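Written out below as structure tokens is the structure these notes cover.
The values are calculated or read from the model by the stated rules, or taken from the named source; none is laboratory data. Since this is a predicted model, take the numbers as computed values, not measurements. Every residue, glycine among them, receives a Cβ derived from its backbone with ideal geometry; neighbour counts consider all protein chains shown.
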Amino acid sequence: MSQTLQRGPVSGTAVKTAGKRKPFLLDLYSTAVGKKYVMAVTGIIGIGFIIGHMVGNLKAYLGVIEHNGAPAYDIDVYGEFLRELLVPIVPHGYALWGLRLALIGALVLHLHAAWSLTVMNRQARPVRYQSARDYQVANFASRTMRWSGILVVLFLLWHLADLTWGWFNPGFEHGAVYRNLDASLSRLPVAALYIVANIALGIHLFHGVWSLFQSMGWNNPRFNRWRRGLATAIATLVVVGNVSFPIMTLAGVINYTAL
């Protein structure tokens, strides 16, 4: 007795797998390439802020100027200018807080992308190297990128608590930038902390500027010398400018006196 095999109807139409597709940007960010793009773009935002912040702080060396018919420290006038951005279009301080929130968002994305890439790299290579790595390819800045980044983030939190919120600054006065700068950096341990932290920032910036060109696909070998020069120039500019503040405060060049 033979059994009859029955087949279902044959269709030439492929059946689509049900599922919701991610938005393009989220889909891109889920890849290593997308995370590197995010790190590069947020890094550029961070570099722009760091340079702008340093240039603004250089106003501490301009001392006292006349403002609205009265003497005032130039850097205090600059601080008030930042708080008055786009007034009266927006209320006092709103534009500055908008910039701060944008910077915080860029920092969070930068940290998350760095952490995600580290996890992806470890999953791709779960077994550590069994022999000594060739460190001739990777320089000191690239090998210490993670640690210099952690130091910079910790310093940023201290910097905010010291000069923005005034938690650790015994002479803090809201809006008195020059007074707060002198009160903070005239303490030797704090000045030393600022110097060490800014050296770490310079190391992080050097490799960050160098590598962002590669992350964005702008890494033609013909421009490597130019890239290294730019990375060196930016890192040196920031370190020299920022380190000058604690040194000049200890030297008495930056010295607050009530006007």
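Here is how the numbers come out for the structure above:
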{"read-out": "Residue list for region 20-36, filter: among the basic types (Lys, Arg) and surrounded by 10 or more Cβ atoms within 10 Å (Cβ to Cβ)", "value": "LYS22, LYS35, LYS36"}
{"read-out": "Total residues in region 43-69, condition farther than 16 Å from ILE234 by Cβ, touching a residue at least 24 places away in the same chain (Cβ under 8 Å) and β-branched (Val, Ile, Thr)", "value": "1"}
{"read-out": "Qualifying residue in region 219-230 (condition: at pLDDT 90 or above, surrounded by fewer than 20 Cβ atoms within 10 Å (Cβ to Cβ) and in contact with a helix residue (DSSP H, G or I) (Cβ under 9 Å, 6 or more places away or on another chain))", "value": "yes"}
{"read-out": "Matching residues in region 185-209 - criterion: being without any contact (Cβ under 8 Å) to a residue 40 or more places away in the chain and over 14 Å from SER244 (Cα atoms)", "value": "ARG187, PRO189"}
{"read-out": "Among residues of region 232-259, those that are in a helix (DSSP H, G or I), without any contact (Cβ under 8 Å) to a residue 40 or more places away in the chain and over 21 Å from the mean Cα position of the chain (by Cα), counted", "value": "0"}
{"read-out": "Residue in region 219-231 that is without any contact (Cβ under 8 Å) to a residue 40 or more places away in the chain, of a type outside the set (Gly, Ala, Ser) and outside any helix (DSSP H, G or I) present", "value": "yes"}
{"read-out": "First in region 116-129 and at pLDDT 85 or above, second anywhere and small (Gly, Ala, Ser) and part of a helix (DSSP H, G or I), Cβ under 9 Å, 6 or more apart", "value": "SER116/ALA32; LEU117/ALA32; MET120/ALA32"}
{"read-out": "Test set (1) of a type in the set (A, V, I, L, M, F, W, C); (2) over 21 Å from GLY48 (Cβ atoms); (3) out of contact with any helix residue (DSSP H, G or I) (no Cβ under 9 Å at 6 or more places or on another chain) - LEU160 fails condition number", "value": "(2)"}
{"read-out": "Any hit, region 192-213, residues being surrounded by fewer than 20 Cβ atoms within 10 Å (Cβ to Cβ), part of a loop (DSSP other than H, G, I, E, B) and of a type outside the set (Val, Ile, Thr)", "value": "no"}
{"read-out": "Test: residue in region 73-81 that is touching a strand residue (DSSP E or B) at 6+ places or on another chain (Cβ under 7 Å), modelled with pLDDT of 95 or more, more than 30 Å from VAL152 (Cα to Cα) and surrounded by 13 or more Cβ atoms within 10 Å (Cβ to Cβ)", "value": "no"}
{"read-out": "Subset tally (residues that are crowded, with 17+ Cβ neighbours inside 10 Å and within 22 Å of LEU181 (Cβ to Cβ)) for region 231-243", "value": "5"}
{"read-out": "Helices (runs of 4 or more DSSP H) enclosed by region 25-135 - at least 2 residues per element that are among the small types (Gly, Ala, Ser)", "value": "32-57, 94-124"}
{"read-out": "Test: residue in region 60-69 that is under 26 Å from the mean Cα position of the chain (by Cα), under 30 Å from LEU259 (Cα atoms) and either surrounded by fewer than 14 Cβ atoms within 10 Å (Cβ to Cβ) or of a type in the set (Lys, Arg) (or both)", "value": "yes"}
